[in-house]
1. Leaving out same-chain residues fewer than 8 places away, which aspartates and glutamates sit with a Cα under 12 Å from that of B:LYS314?
2. Taking neighbour Cβ counts within 10 Å as the exposure measure, how do A:HIS336, B:HIS69 sort from fewest upward?
3. Please give the charge dipole size of segment B:43-169, origin at the Cα centre, charges +1 on K and R Cβ atoms and -1 on D and E Cβ atoms. Round to the nearest 20 debye.
4. Taking the Cα centre of chain A as the origin and placing charges on Cβ (Lys, Arg +1; Asp, Glu -1), which of A:THR43, A:ALA559, A:TYR471 is farthest toward the positive end of the dipole?
5. Go through B:HIS697, B:ALA285, B:ALA617 and say which Cα lies farthest out towards the positive end of the charge dipole of chain B; charges sit on Cβ, +1 for Lys and Arg, -1 for Asp and Glu.
6. Hey, rough spin-label estimate for B:THR48 and B:ALA628, points 7 angstrom out along Cα→Cβ, what's it come to in nanometres?
7. What is the dipole size for chain A, taken about its Cα centre, with +1 at each Lys and Arg Cβ and -1 at each Asp and Glu Cβ, in debye to the nearest 20?
8. Per-residue HN-Hα couplings for segment A:534-549, Karplus 6.51 cos²θ - 1.76 cosθ + 1.60 at θ = phi - 60°, whole Hz, x for Gly and Pro?
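No value in this document is a laboratory result; all are computed from the given coordinates. Here the structure is a predicted model, which is why all the values come from computation and not from measurement. Virtual Cβ from ideal backbone geometry, glycine too; neighbours counted across all protein chains shown.
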Amino acid sequence: MTLLLKPRALSGLRRHYRDLRQRRGAGPVTAWLYCALWLLGWTLLRLEGPAWQWLLRRLAPTLRPLQRRRPGIADPLRYLIQFLWLILLRPRQPRPRTAEHDAAPPRTEARRRHLPSAIPIPWQRHIAGLAKRFDAKARAAHSGHANWPLWTMGALAALMMALVITQPFTLGAQAIFVVLLAGIALLVQRIPGRLAALTLIVLSATVSCRYLWWRYTATLNWNDPLDVTCGLLLLGAETYTWLILLLGYLQTLWPLNRPPAALPDDTTQWPVVDLMIPTYDESLEVVRPTVLAALGIDWPHDKLRIHLLDDGRRPAFREFAAAVGVGYITRDDHRHAKAGNLNHALTVTDAEFVAVFDSDHVPQRSFLQMTLGWFLRDPRLALLQTPHHFFSPDPFERNLGHFRRMPNENTLFYGLVQDGNDLWNASFFCGSCAVLRRAALESIGGFAVDTVTEDAHTSLRLHRQGFTSAYLRLPQAAGLATESLAAHIGQRIRWARGMAQIFRLDNPLTGPGLSAAQRLCYLNAMLHFFSGVPRLIFLTAPLAFLLLHAYIIYAPAVAILLYVMPHMLHSGITNARLQGHYRHSFWSEVYEAVLAWYIARPTTAALLNPRKGTFNVTAKGGLIDENYFDWTISRPYLLLIALNLAGVAAAVWRLYAGPTDEVATVLVSLAWTFYNLIILGGAVAVAAEARQVRRRHRVEVALPAAIELADGHAYPCTLHDYAEGGVGLSLPRAGLLAVDQKVSLLLRCDAREQAFEARVTNVNGARAGLELAPMTLPEHIDYIQSTFSRADTWTLWRESIPEDRPMQSFADILSLGLEGYRRLLLHAPPTLRAPLAWLGSFVPHRETRRA
Amino acid sequence: MLAGWALASATAASAATPDDATPPITHRNLPLTELTRSPIELTGLVATQRIDFGVRNDRLVTGAVLDLHYTPSPALLDELSQLKVYLNDEVVGVVSLAPDRGKPQHARVALDPRLIRDYNRLRLALVGHYKEICENPVHTSIWLDVGDQSRLELTEQALPLANALARLPRPFFDTRDPNPLDLPIVLPRAPTLGMQRAGGIVASWFGTLADWRGQHFPVTFDLPPRQHAVVLATNDARPDFLADYPPVDGPTLEIISHPETPYAKLLLILGRHDDDLVEAARALALGDVLLRGQSAQIDEVDPLTPRQPYDAPKWVPTDRPVSLKELVEYPGQLQVEGEELDPIEVNLRVPPDLFVWEDDLIDLDLGYRYTPPATEEGSRLDVAINGEFLRSFPLSGEGSGNPGSLEVPLLQDWLGGGRKVAIPALRLGAANRLSFAFNYANRVGGAEPDRCITVTRVPNRAALDTSSTLDFSGYPHYLRMPALRTFATAGFPFSRLADLSQTLVVMPPSPSAEQLSSLFDTLGRIGAQTGYPGVAVRLTDDWQQARDVDADILAFGSLPESLETHQTVMALGPDARSRLRLASRDAEIAAQREPLDDSAVPADRQVTLSAHGPLAAVLERQSPFFEARSVVALLAAEPADQRLLNQTLATPSALDQISGSVAVIRDSGITSNSVGERYYVGHLPWTTWLWYHLSRHPWLIAAIAGLAVLIVALLLWQILRRLATRRLSDDEE
């Protein structure tokens, strides 16, 4: 060796070897192999050249996890996979944080105000401006009248559609056709405006109808009982998703974007409102901010009656209610849970309007002024719903760590679906953050008590009576999301069961009083919860071929691709366009997959016997003490994963041993199985519960604030998070504060400044944590006003969420799936972990790992 | 080739003596290779060869000799090698292969006639050895070649038969006789239309029986030659030899002996008048299971339900999937046994007018079972259609297979005769043969020298699942005419109703014996193609009558001048004049391409000439009286022409050459051409019509899709905009 190498290189090699052996603990064989490769690399490649150096520098961060490992014999393969990963998939750029939104300057109008407000702040001016703009638009649209050529064209177009949907093609012709339509879609997708969106919707609906037509007419093999059984199951599931897709399009054809309506200038004309906060077993800490925020609502003092409806009949609540001066209503029984509670409260109150807030939904001060205008404008309006906004992460967000970086699960519903429903006069009551007209409620006998989802059922009954509903897509309250996946699933089971009950007991398709569009919107709301069984079918469908050799789609693999790909592509493009702000592509699959197993049974049971089943209160405000893996919850996913892995094994075997004309079919099934595995991995990832330490949820913001030290000096700073009992600050410079120092926190609230006594609990450079001193009631209300109840906080939050990018979203799902398997591994029993960990170590790492 | 009657090939001329007392003796020479339909070579692997032959019920074999020409391999050992001859599983002779191996040899093996039954199986088995010990039983040096000249010589004596109707159709037709049916029909001179019709029904019935054998019905007005024959007579009109026969008082069937010999029988179909005769013929065709005794009088024949279109027994049903069980012609057809398995064959006919898109595939849902092969490598099931290889499936150790569906192309294109096709496809109209060959790769004996392995060879078995199905349902019946091939191979359009209830036969006013024979042959052939006697066929000799009958017309002789225009494709005039219009090959092929194009194929030349020598033609054109009806005319002017026509149409290979709108028959062969007006029969749903036409225009459909989507989107936009405005305005509702 000395003959071949210069002494310097040789010493380098020796150093390298020693380093590997001693510092990084490699075995002699591994170390030798490494050295050989190192030598080979230096000999054959110009690693000292600028291009290589640049590449190595770029790769260095992603290689660190690998370099931290104890070197193993298979590491070169790991490095190779890592390189390929980086070359094939561009590393994710860190998402831009949208602090500029959060840092919006506070209102300039300077008026000092006492608590509680007797003279409300005129939100109307803002509202009137918005409304005027809409009216102008509306009148412009009114000028055109329906004319018969349009209807003739419509009939003609319907015939053409029928032709397009049913026209059979040879594979070649179908390929051309598909490419042309995809071209149209991609072209239209770039055009802004609602017409382009509608075009995309119609195109996608057409392509999906064509797919389903083809599935029904050309892909069933009636000769083989197994084939036809599995095939019909899959076809049923596909028909279900097709129906949901079309109904979803109908719902979201035209989100109404309803602006708030102005109230009369004369506040004496404003109506009286009963604000009801039903509670059962939530703790006082959860309820307190809600009540305090309600007290701070800008509404004439004599016209707002706040009631705490305590079904738990707890003395502490009675005392609290008395202390803050709100009504306290209890009843003797617990019949019909929340609906019964509200119904009882209706009997002892008498205001014209009823606002309902769940005990954890903190209303904003503008809530009533924003919502009641429409009731005055439309005497038939019975219900106005506002979104539920959550300032704590839901289990998905917490466990996947994408809180506020991606729309959460219910954003789609409150951002788009309800708004779209509003066009059809079909927005429905969601149990909280809504105002109802007492007269309307009384005409249907109060809140519906027949089902466990009293909210949707109540609004269905209102609609049947000819009342209208409205939806205001401005978050006017915020609350806590469910804590754990188990709780989330429990909540969804309740909704699913309730919807299934309504479907059976008071089916929206039949019965009096509803328009066709309302029936369809309600139908979708209910059908949506039947997704369990179809989803399970999709998660296992390719196995029917791989394991049982049943041709579930009886057509050549190429034909399947030529029909199913456009169906998926067009619905993907269209949904990305429609829902881009509210849900990112492919996430629905994960959400559905997580719930599928759990809602399949209750919905089926409720369909069969709607009167069975109990009400389970959604648990909120809980704590998760440590990271853990919810094995119980994830058991069905593990079973599905095992099945799909068996499918992969079967596919490999079929590729090796099966007939050659089946190769394409096997490959398609294999791709589908892998997709299922990714989705299931995502579901598993959710089941690994992340720790939730703080009892009080911290809300991340970026608000200008100031601190005043004991010596009277005041410094501007930025409030970057707050909770009920404390805040986090960014100081202009480090060393300003010391732990245990007493300071005053100055917060702006409607252009007046409010001071709160606080104590510094921790300092970390320019960041500091403050614990607030015990506050008096007015102070407490003020604190809530200047934090949770700020009028625009939640609206701005939503706008800060980035737009959907389908490919990026797919990459996210892919890495989420892998993450799921990694977590599975981390929590797996040790005997299982070692071999799996070894396999898992080949999985490449992402460049930017989440914090 | 055309002149030779197919039936002559296997039978030597009979040598009947005129003396009634001594039964006539026949000598039959059956070449072995014709019985097996393939050359015979015995090897170590295939050491036996089966040869099946049948003997007619009215014959007794008095002597049988196997005349064997063969060449054994020179490598065979003297003492051990021999050729064994079995007759019906009894050894009847052993030929020692001792001297002069390697050279052609000759041996005559007398077969004991007492062993011969109706169906007989002759078996040749080679016991071949090339080594005393340690030999490879499938060594290539073990072989024996049986020469083409080898034959089976049978001496048959006619048996006196009882006059029993119960034996019908014997002796007139015997299923053991593989030769074409040759059955004279005796009529009185100048037979009436009713008689012709009755004769047609009888011929049609015999046609259904003769099936693949072919049939010919020579017509005489006198006593037939000394052979079995059918005689039609009414009380008023009788052939001369029956003049003294007592009159009957109703439709009557009777069997009597030939006046000249008791060994030939006559089937008398009698009646008071024509209607009785037709009734008797229908009774024979529909109710033969009830007949008994020497004579039977018919009281009533009532076809209870009318036949439905396309319900011919020999056509596969097109309203539902058909299982192989329904296509079975004889028991055990779907299974085979032996060391080397013969292919399992299934015959099927598809109605010729199914509307099939270019690449339409029929699902064959196939299931099969087999004894697991000793070695999986190379063992396979080969599926072939009409002799063309389609697909093969490996035979695994499982012992059963269900490859799901096997897609079988269905070919309509060939009906026009535009191109020669050699692709594995089911042909519409024609008799198709699906064959399933189970091939076992054998590993016999030791491949290594000096290592003796004794292997017991066991027979293999294989069977198709009777539940395997073919699905022809869902195709519309729609066909562009003229398509003479459908007439030649399936009797279409007449066979659409298998009882010929929508067929009107137009005969010349006073038909000659040849023309009558032509009628009977044609109806017999259609019967063979449908499997159902044409009991509802109607006859006329007046074209004026044809105007009022909504039926397909089958015309014999010539077309009336009223139907002949200058556009007429073919005309045979008096004095050996003939005129013909023809289209170029290119025009024909171009016209064939689009199945939904009904423009006329332009003729590019017209020839008129006079010449001597027989000439006939088959012509198809649209009926001048009804739109979706056809006229098929079998044109022949002189008796010689008529004979040429009859002979040609009785030759299966000639039928294959008839296609298009006109087939010109000369003694040198047949020339077919597609020329002139075209039309459609059947019904095509308009959706299919539209889909078919648009299926080749994805660009157009994409444009339509884009346009429709845009229109709908615009409309939605308008409507929704108004709706949104209303929702947000003050004056809602």
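1. Output for B:LYS314: B:ASP211, B:GLU326, B:GLU329.
2. So the residues, fewest neighbours to most, are B:HIS69, A:HIS336.
3. 360
4. The residue sitting farthest along the positive end of the dipole is A:THR43.
5. Working it through, the farthest residue towards the positive pole turns out to be B:HIS697.
6. The two pseudo-label positions are separated by 5.6 nm.
7. 2860
8. x, 5, 4, 5, 5, 6, 10, 4, x, 5, 4, 7, 5, 8, 9, 6
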